[in-house]
Amino acid sequence: SQQGEEDPQALSIQEGENATMNCSYKTSINNLQWYRQNSGRGLVHLILIRSNEREKHSGRLRVTLDTSKKSSSLLITASRAADTASYFCATDANDYKLSFGAGTTVTVRA
Amino acid sequence: DVKVTQSSRYLVKRTGEKVFLECVQDMDHENMFWYRQDPGLGLRLIYFSYDVKMKEKGDIPEGYSVSREKKERFSLILESASTNQTSMYLCASSLTGGDGYTFGSGTRLTVV
C-alpha cells in the first residue's frame, strides 16, 4: 500500500533557486528516506532520517521530519541542472519493506 | 559501492509467455525486493525476501512468483505474461531491515 504522498507533484525552478517538496504519511514509522530517480533509471538513496531525529543535512540537502504531523520535507539548496529528476519519499514501518509515494518531478531551468 | 544488476534494460514479450527477470547484488545483502513502477502510481512492492529461500508477498503479488536460491540472486517470474504487466520493474537490496535500498537500473518490460 502507498504510505507516502509527495507534494507538489511537479516543480519547476530556476537554476540557483531552492526546491522544497513535502511528504505526508499515515502510520507510525521507524525511519523515512528520500530517493532520486533520473529519467528512466533506478532510484538512488539520498538520505535517511530516523523517527527520533528532527532534521538532517547532507551536502545541499536538508530533510526535516515532524512525526506529530506525520510529514517530512526535502529542501535542495542552490539547485543545478543535474538536480532535474523525480524525488520519492519512502517510509519504513519496521516491517522489512519500504512504501513509496508517487514522487515529485523537479525541473531545474538553466 | 554496492551494485545491483538487472539482466535486461528493455524486454519485449508476447502475451502468455513465461518471463524471467533476474537481479543480482554483490554485497552480501540480506534483503531483496521487486517493485513495479507505473506513471502516477509510484513504486508498488511485488515480492520481497529477507533470507535465502524465503519470500514474502508484497502489495501486488498476483500473476508473479519469485525465487531466491542463492543470497545474491532474486528472480521475478511472470507465469503467463499479460499486457497489464507492461511496466518498469525495479529490483533493490538492503543490508538489513531499516537500511537504505540500493536499486538496479530497472527493466522496462513490454508485453504485446
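Coordinate-derived values only; no laboratory data. Quantities reported herein were computed from a predicted structural model and do not represent experimental measurements. Using ideal geometry, Cβ is built from the backbone for each residue, glycine included, and neighbour counts are taken over all protein chains shown.
What the table shows:
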| item | result |
| --- | --- |
| Taking B:His29, A:His45, A:His57 and counting other C-beta atoms within 10 Å, the order from fewest to most | A:His57, A:His45, B:His29 |
| Residue-wise HN-Hα coupling along region B:83-90, computed from phi with Karplus coefficients 6.51, -1.76, 1.60 (Hz; x: Gly, Pro) | 4, 6, 9, 5, 5, 8, 10, 10 |
| Derived scalar couplings ³J(HN,Hα) [region A:41-50; Karplus, 6.51 cos²θ - 1.76 cosθ + 1.60; whole Hz; x for Gly, Pro] | 10, x, 8, 10, 5, 9, 7, 10, 10, 7 |
| Per-pair calculated FRET efficiency, R0 = 22 Å: A:Ala93 and B:Glu79 via Cβ, rounded to 0.05 | 0.15 |
| Qualifying GluC sites (Glu not before Pro) in region A:1-68, DSSP loop, other Cβ atoms within 10 Å at most 16 | A:Glu15, A:Glu17, A:Glu53 |
| Cα gyration tensor, chain A - rounded (a/c under 1.5), prolate or oblate | prolate |
| B:Val112-A:Val44 pseudo-label distance in nm [points 7 Å out on the Cα-to-Cβ vector] | 3.3 nm |
| Proximal aspartates and glutamates to B:Lys3, defined as alpha-carbon separation beneath 15 angstrom and excluding residues fewer than eight positions away on the same chain | B:Glu22, B:Asp26, B:Asp28, B:Glu30, B:Glu72 |
| Residue-wise HN-Hα coupling along region A:25-39, computed from phi with Karplus coefficients 6.51, -1.76, 1.60 (Hz; x: Gly, Pro) | 9, 10, 10, 4, 10, 8, 7, 10, 10, 10, 10, 10, 10, 7, 3 |
| Under 16 Å from the Cα of B:Lys57 - aspartates and glutamates, other chains or at least 8 residues apart | A:Asp95, B:Glu79 |
| Kirkwood hydrodynamic radius over Cα pairs of region B:11-112, then Stokes diffusion coefficient at 37 °C and 0.692 mPa s, in µm²/s | 241 µm²/s |
| Virtual spin-label span in nm between A:Asn18 and A:Ala110, 7 Å along Cα→Cβ | 2.7 nm |
